[in-house]
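*Asks:* Got a structure here, written out as structure tokens. Questions coming.
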Amino acid sequence: MLKKSYGCDISAMNTFRMKVTCRCLVEYDSVSDLIDLEIEDLPKPVLPIGGGSNLLFTGDFPGTLLHSKISFIESLGKGLYSVGAGVNFDSFCAWAASKGLWGAENLSLIPGDVGAAAVQNIGAYGVEVKDIVSEVYCFDLEECEMVRFGVADCGYAYRDSVFKREGMKGRYIVTHVVFHLDADGPSLSYGHLKEAVLEASGGVGPTPELVRRVIVGIREEKLPDPAKTGSAGSFFKNPVVERKVYDAVASSSQSPVPHYDLPDGSVKIPAAWLIEQCGWKGRRSGNAAVWERQPLVIVNHTGMALPEEIISLEKKIMISVRERFGIELNPEVEHV
């Protein structure tokens, strides 16, 4: 069913809990709703939105938000599962684990919906959603027709996809995603995840549900619950730098610098480490703060933070990292 509302308070539709409104909100639960949608009559700009977990609204939104409520999980056989864009992604992870299906467990407890996960290429603990995506189906607002993107067509990169790029953003509305889930076993190469899973399993072979439980426990210990403390999860991308930049950071550090060597010779340095080295962990700035357990996360500390307070703290962090390390941080969170 297609539902249009005007002058809507959307503070509950973004996990930062910014107290903002949108001029028009359109909710839909089928492709036929999108076909019936007279897009040319809607206030512009038009922005698809999922769970609002990777967005920072910098003020009231003057256009139309499109919110999917397409919700289903369907087996296509041969390890393929079609999932509606409006399904909560963690609910999908929980469902997959309960069925003994490997692939999604490392992505557990990442907030947001399935459609947005495919656009953002969410990732955690050595796995990205691109690793389990087979196809992404979208409705083309310009041509008013369904379009299929194979995983190779999605242009996936670190927290990026073709759906976020110039000329594509806002045109293609994800309706459902086909995932491939199988019984090949877990991906435990990230950090000390393998040791944590082995300890939790008591020496018995791990299951998807066990790995999911371990991942959820780690995330709950380190990250704020967005239902209690407004945030958008990881605020900054981990910077990828040339080897000589990493060498300069390492030579000036009194302790080992965590890093990941990439195949092209560049090095990824955790943004959380850089931010903590600059003394930001746990610091407040007005109603905004850096989370005391994970400096990669900026939070709406009091629940009353204004967009400009979040942005001010963001800029201060970026400046301090640039001045100390010569490294430019880039936000993962989309500013709207």
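The values are calculated or read from the model by the stated rules, or taken from the named source; none is laboratory data. Here the structure is a predicted model, which means the values were calculated and not measured. Cβ: placed from backbone, ideal geometry, glycine included. Neighbour counts: every protein chain shown. The accessibility values were calculated without ligands, DNA or RNA, using every heavy atom of the protein model including side chains. Shrake-Rupley method; radii C 1.70, N 1.55, O 1.52, S 1.80 Å.
*Asks:* Can you tell me how many residues within the stretch 297-322 are open to solvent by 50 Å² or more (accessible area, probe 1.4 Å) and either under 16 Å from ILE269 (Cβ atoms) or touching a Pro at 6+ places or on another chain (Cβ under 6 Å) (or both)? Let's see the steps before the verdict.
*Replies:* Keep residues of the stretch 297-322 that are open to solvent by 50 Å² or more (accessible area, probe 1.4 Å), which gives 301-302, 304, 306, 308, 315-316, 319, 322.
The next check asks that each one be either under 16 Å from ILE269 (Cβ atoms) or touching a Pro at 6+ places or on another chain (Cβ under 6 Å) (or both); those that pass are 322.
Of the residues in that region, 1 qualify.
*Asks:* Additional query: Give the residues of the stretch 233-261 that are open to solvent by less than 70 Å² (accessible area, probe 1.4 Å), aliphatic (A, V, I, L, M) and in contact with a strand residue (DSSP E or B) (Cβ under 6 Å, 6 or more places away or on another chain), sorted by residue number. Before the answer, list the steps.
*Replies:* As a first pass, look at the stretch 233-261 and keep what is open to solvent by less than 70 Å² (accessible area, probe 1.4 Å): 233-239, 241, 245-246, 248-250, 253, 255, 257-259.
Adding the requirement that they be aliphatic (A, V, I, L, M) leaves 241, 245, 248-250, 257.
Listed by number, the list holds a single entry, VAL241.
*Asks:* Okay, next question. Mind counting the residues in the stretch 46-62 that are modelled with pLDDT of 95 or more and under 25 Å from ILE35 (Cβ atoms)?
*Replies:* Selection size over the stretch 46-62: 1.
*Asks:* I'd like the full set of residues that are more than 14 Å from SER320 (Cα to Cα), assigned to a helix (DSSP H, G or I) and either touching a helix residue (DSSP H, G or I) at 6+ places or on another chain (Cβ under 7 Å) or touching a residue at least 12 places away in the same chain (Cβ under 8 Å) (or both), limited to the stretch 243-286. First the steps, then the outcome.
*Replies:* Of the residues in the stretch 243-286, the ones more than 14 Å from SER320 (Cα to Cα) are 243-270, 282, 284-286.
Right, trim to assigned to a helix (DSSP H, G or I) and you get 243-252.
ARG243, VAL245, TYR246, ALA248, VAL249, listed by residue number.
*Asks:* For the stretch 37-89, enumerate the residues that are of a type in the set (A, V, I, L, M) and closer than 21 Å to TRP102 by Cα.
*Replies:* Let us first name the residues in the stretch 37-89 that are of a type in the set (A, V, I, L, M), namely 37, 39, 42, 46-47, 49, 55-56, 65-66, 70, 73, 76, 80, 83, 85, 87.
Within the stretch 37-89, ILE73, LEU76, LEU80, VAL83, ALA85, VAL87 qualify.
*Asks:* Moving on to the next point. Could you check GLN294 against (1) buried (at least 20 other Cβ atoms within 10 Å of the Cβ); (2) more than 27 Å from GLU221 (Cβ to Cβ); (3) of a type outside the set (D, E, K, R) and say which number it fails?
*Replies:* Tallying (1) buried (at least 20 other Cβ atoms within 10 Å of the Cβ); (2) more than 27 Å from GLU221 (Cβ to Cβ); (3) of a type outside the set (D, E, K, R), GLN294 fails exactly one: (2).
*Asks:* So which residues in the stretch 36-51 are surrounded by 18 or more Cβ atoms within 10 Å (Cβ to Cβ) and of a type outside the set (A, V, I, L, M, F, W, C), if there are any at all?
*Replies:* Scanning the stretch 36-51 gives PRO48, GLY50, GLY51.
*Asks:* Related question: Select from the stretch 166-191 the residues that are hydroxyl-bearing (Ser, Thr, Tyr) and outside any loop (DSSP other than H, G, I, E, B) and write down the one among them that is farthest from VAL136 (Cα to Cα). Let's see the steps before the verdict.
*Replies:* The first filter runs over the stretch 166-191 and keeps only residues hydroxyl-bearing (Ser, Thr, Tyr), leaving 172, 175, 187, 189-190.
Next, from what is left, pick out any that are outside any loop (DSSP other than H, G, I, E, B): 172, 175.
On the way: TYR172: 10, THR175: 8 Å.
Here the answer is TYR172.
*Asks:* Of all residues being at pLDDT 95 or above and β-branched (Val, Ile, Thr) in the stretch 123-152, which is most open to solvent (accessible area, probe 1.4 Å)? Just the residue, please.
*Replies:* Going through the qualifying residues, I end up with VAL151.
*Asks:* Pull up the stretch 54-77, narrow it to residues that are assigned to a loop (DSSP other than H, G, I, E, B) and open to solvent by less than 20 Å² (accessible area, probe 1.4 Å), then point me to the one that is farthest from VAL119 (Cα to Cα). If you could, list the steps in order and put the result at the bottom.
*Replies:* So in the stretch 54-77, the residues assigned to a loop (DSSP other than H, G, I, E, B) come out as 54, 57-60, 69-72.
Among the residues that remain, those that are also open to solvent by less than 20 Å² (accessible area, probe 1.4 Å) are: 57, 70.
Details: PHE57: 18, ILE70: 16 Å.
Ranking the candidates gives PHE57 first.
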